[in-house]
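Here's the structure, in structure tokens; my notes come after.
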Amino acid sequence: MYFWRTDLLIKDLKQNSVSQADFKNYYLVSGILILLGFFALSQTGIEELKISLAGFVINLGLLISWINAAFKANCGEKGHAFLNRFIALYLPITIKITIFAIVVMICFELIFNVFKGQFDEVQLAHIDAIKSIVVDIATSFLIYWRIYVAIKKVNS
């Protein structure tokens, strides 16, 4: 993998000498950088930093483990068009999971509003931060899992 020498990467791409594992690793590292960016941009206060950091670490683990699992489900190095399949499956699966998450969150909010009066502003802010991270992690998990299942079906 080249992290700086795009000229060498271009040469390898022209010669079709970049392996499927390398393509997967480029995607993985890019995903990690995007996660780091989201983590940095999401920081609002010191108290939420612990929650955000925990969410980041869990999301990082999900990203690495599910990308590697999906790569293996696509027959690893012997597999065909891993990134094409992953990216193509990502859109419809993400749309479905997002709609599901919105419905679940609306139901949760309707139920939670009954108990909201028992908490002060600081507690509500903390609950909102935790709720946001839980939804983010659960959504990520479901998306990666469904992509993994779909890639297994493609290769069965």
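Residues checked against (1) surrounded by 11 or more Cβ atoms within 10 Å (Cβ to Cβ); (2) within 21 Å of the chain's Cα centre (by Cα); (3) among the hydroxyl-bearing types (Ser, Thr, Tyr):
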residue	(1), (2), (3)
LEU8	no, no, no
ASN25	yes, yes, no
GLY31	yes, yes, no
LEU36	yes, yes, no
ALA40	no, yes, no
GLN43	yes, yes, no
LYS50	no, yes, no
LEU53	yes, yes, no
LEU63	yes, yes, no
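Would you say LYS116 is more than 14 Å from the chain's Cα centre (by Cα), charged (D, E, K, R), over 22 Å from PHE23 (Cβ atoms) and surrounded by 13 or more Cβ atoms within 10 Å (Cβ to Cβ)? No; evaluated as a whole, the condition is false for this residue.
Coordinate-derived values only; no laboratory data. Predicted model only: the values in this text are computed from it and were never measured. Cβ sites come from the backbone with ideal geometry, for glycine too, and all protein chains shown count toward neighbours.
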